[in-house]
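Novice: One structure, as structure tokens, below. Some questions next.
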């Protein structure tokens, strides 16, 4: 083992300048390499609990996702060609409890939050319109039934129908925002200084390997005795 350490020390004396050059080069070129230079992006997330008012287009998660990933919805309620230009930044997914999650990635925190706010606001507005339409239909039926003249034979049926309609009116629910727009952390890219430090560490490790490995292989039989 003493001979092994002696030879390693001798190699360090002979090759120290090579090791120093490797460490210096990796420390310098690290920050200018393409990796770690990706454009920083920010993500915003929101969640909407779907309503329940017998309208599958707005109550069924699969159909809602189809709606929210179609060009027509954004052309009608945001801006023309908005979806074509921003579809890659938007993710829509559902959970088992009829909750829809919206995730939007932007180049700044403000863009991510504001864009997602526009989307959720537009969807909730359209959903509320559909919900109110359903509620008005039920109320219209209730009003018509209340003014309907009945005989003693049909009054029981009238009360039963009224009860069913009023129960239905109380049971329906619009979509609700269960998680307001909030920023979520993305994987952070390394700074130039951090990349330089990584380059130096890799240079040190490579230099040690370059010096020790040849001597270890050469003296392996003696080391293992």
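Novice: On the given criteria, is residue 42 buried (at least 19 other Cβ atoms within 10 Å of the Cβ) and either within 22 Å of residue 107 (Cα to Cα) or modelled with pLDDT of 95 or more (or both)?
Specialist: No, not satisfied.
Novice: When you scan region 96-120, how many residues do you find that are touching a residue at least 24 places away in the same chain (Cβ under 8 Å), under 18 Å from residue 66 (Cα atoms) and assigned to a loop (DSSP other than H, G, I, E, B)?
Specialist: 2
Novice: Return the only residue of 62, 134 being in a helix (DSSP H, G or I) and surrounded by 15 or more Cβ atoms within 10 Å (Cβ to Cβ).
Specialist: Only one candidate qualifies: 134.
Novice: Something else: Here are 73, 123: which of them is touching a strand residue (DSSP E or B) at 6+ places or on another chain (Cβ under 8 Å), surrounded by 16 or more Cβ atoms within 10 Å (Cβ to Cβ) and either in a helix (DSSP H, G or I) or assigned by TED's automatic domain parsing to the domain that holds residue 180 (or both)?
Specialist: Sole residue among the options that is touching a strand residue (DSSP E or B) at 6+ places or on another chain (Cβ under 8 Å), surrounded by 16 or more Cβ atoms within 10 Å (Cβ to Cβ) and either in a helix (DSSP H, G or I) or assigned by TED's automatic domain parsing to the domain that holds residue 180 (or both): 123.
The values are calculated or read from the model by the stated rules, or taken from the named source; none is laboratory data. What you are looking at is a predicted structure, and each value in this text was computed from that prediction instead of being measured. Note that we place each Cβ from the backbone using ideal geometry, even for glycine, and neighbour counts take in every protein chain shown.
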